[in-house]
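Structure first, then comments.
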Amino acid sequence: MTALSAATAVCACAPGAPLLRLQGVSARLGAVQALRDIHLELRRGERLALVGANGAGKTTLLRLLQGLLPHAGQRCFGLAGAPRPPVAAMVFQRPFMLSLSARFNVMLGLWLARVPRAQRAARCDEALVRVGLQRLASRPAHQLSGGEQQRLALARAWALRPDLLLLDEPTASLDPGAKREVEALIEEIAAEGVTLVMSTHNLGQAKRLATRVAYLEGGRLVVDLPVDRFFNDALPAEAAQFLKGELPWH
């Protein structure tokens, strides 16, 4: 398969297979080899935390999972025989907000996703209630606090009813109270059966929210283990050194 045909290959996995599968996926950002030969499977309801140093490839992998990057290798998303195509939604570390109302920002996301017009208002209102922002629906989004903007970004993503939710450092730069609120929302959304992939520098957060942890270094997926094994088993030297630096007691 050529790089071009591989980059555009999106297929439906067979029943009982993972919701999403990457097979030998690599990606470049200009002259930089950002991801190298990634093999990854995600099943419904799994919660995967991506950890690693800055520049390891976490955000690039999230963007690739979302389908935003050309790549070599195969990306299979969806289950054969499912009643509808799967939906992926991504919340960026610094979500883009229009200088209009919180409600309009959610409605715009629904319009861009081609949600039928008759469904948009109800789904928007439901999403704002879901994240506790219904009383701020008419407030300009740029006037919201950092924590409120992150909750609005979650509302915009949740309104799409995603099968796969991708979060890039969802609590970075938030104060402790706002961080707890956003983490609680992520927990609740994941409990509904949404498959979750989240990048984080907070290993305590990975322990709290994830069922699996994957360590990336230099665009390579070095370790992918259940959360308990990641923090307790012997790991390859580079991952062990990362943990030692992040967790002084490890």
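Relative protection proxy for 89-101, 200-212, from highest mean packing down: 200-212, 89-101 (other beta-carbon atoms within 10 angstrom). Taking 17 Å as the cut-off, the amide N atoms of the range 88-126 that come nearer than this to a point 7 Å along the Cα-to-beta-carbon line of Arg135 belong to 102-103. In whole percent, how big is the carbon plus sulfur part of the accessible area of the range 116-222, probe 1.4 Å, protein atoms only? Whole-percent figure for carbon plus sulfur exposure: 48.
Accessible surface computed residue by residue for the range 131-232, with neighbouring protein chains in place and a 1.4 Å probe, gives 40 Å² per residue.
Neighbours of Leu128 by Cβ distance under 12 Å: Lys/Arg scored +1, Asp/Glu scored -1, total +4. Subtracting the Cα-Cα distance of Ala53 and Ala82 from 0.36 nm times their residue separation leaves 6.7 nm of extension gain.
Work out, in µm²/s and without decimals, the Stokes-Einstein translational diffusion coefficient of the range 46-105 at 37 °C, 0.692 mPa s, Rh from Kirkwood over C-alpha pairs.
Roughly 224 µm²/s, to the nearest whole number.
Going 7 Å from the Cα of Arg229 in the Cα-to-Cβ direction, what parts of the range 199-214 have a backbone nitrogen less than 17 Å from that spot? Within reach of a label on Arg229, which here means backbone N under 17 Å from a point 7 Å along Cα→Cβ, the range 199-214 contributes 207, 210-214.
With the Kirkwood sum run over all distinct C-alpha pairs, the chain has a hydrodynamic radius of 18.9 Å.
Can you classify the range 100-202 as rounded, prolate or oblate using the Cα gyration tensor, where a ≥ b ≥ c are the square roots of its eigenvalues, rounded means a/c under 1.5, and otherwise it's prolate if a/b beats b/c and oblate if not?
Oblate, since a/c reaches 1.5 and b/c is not below a/b.
Cβ-Cβ distance of Ala122 and Ser145, R₀ of 30 Å, FRET efficiency by 1/(1 + (r/R0)^6): the value works out to about 0.65.
The values are calculated or read from the model by the stated rules, or taken from the named source; none is laboratory data. Computed from a predicted structure; not experimentally measured. Quick reminder, even Gly has a Cβ in these numbers, built from the backbone with ideal geometry, and neighbours come from all protein chains shown. When the accessible area is computed, the model is the full protein with side chains, heavy atoms only, and any ligands, DNA or RNA have been set aside. Shrake-Rupley method; radii C 1.70, N 1.55, O 1.52, S 1.80 Å.
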